[in-house]
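Report on one structure; see the data block that follows.
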Amino acid sequence: MEPKEFLAVTFWLMIYFTIKIGFVGMAIIIKQAKHEFIERAAVHYEKKPNRLMFMLGLANGIIIPVIGILLLNTQVLALVGILLLLFYLWLALLSYTVIYRGFASRLFSEDDVNVDAKQTFLGGLVAESAFVTPILGQAYSLFLFVRGLGAVFMAFMTRKPMN
């Protein structure tokens, strides 16, 4: 491998890992800022997966970006498309926050100080480490993303957690 190619690969790997670390950091911030909402979404996420949650996540995971990209291609509604794609990024961050919390709640006890931040951080590290695995990790990431997105939309539709 030539030095130029090696530097290019290294550069893109650094960008990739920086984005992954950024997702974990944003998840900690979101967990602290929207604690009640994340807990409501987590209740839906941790229940036995049902088809409605998966279909909501899959439909919104496909429809929102497609509409946003179509709006970007129009001159008049490009700003609306950008805003819709930013909203989709916000939903992705909410979804991954729920996923990280789900991983951590199975790994760590809740008897510690500042348990929410520690659980989100460590759960994010475990999840993102698993997602780096070629093919299987990416498929698992997409599956959990769709499931988490469904839980987020179910939390939007409900006000109180279901026990």
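At-a-glance table
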quantity: Some residue of the stretch 2-9 being of a type outside the set (S, T, Y), within 12 Å of D116 (Cβ to Cβ) and out of contact with any helix residue (DSSP H, G or I) (no Cβ under 6 Å at 6 or more places or on another chain); calculated: no
quantity: Residue within the stretch 114-132 that is crowded, with 20+ Cβ neighbours inside 10 Å and of a type in the set (S, T, Y) present; calculated: yes
quantity: Hits in the stretch 13-65 (condition: acidic (D, E) and exposed (fewer than 12 other Cβ atoms within 10 Å of the Cβ)); calculated: E36
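Any read-out appearing in this document is the output of simple, stated calculations on the displayed coordinates, not a laboratory observation. Every value quoted in this text rests on a predicted model; they were computed, and no experiment measured them. Quick reminder, even Gly has a Cβ in these numbers, built from the backbone with ideal geometry, and neighbours come from all protein chains shown.
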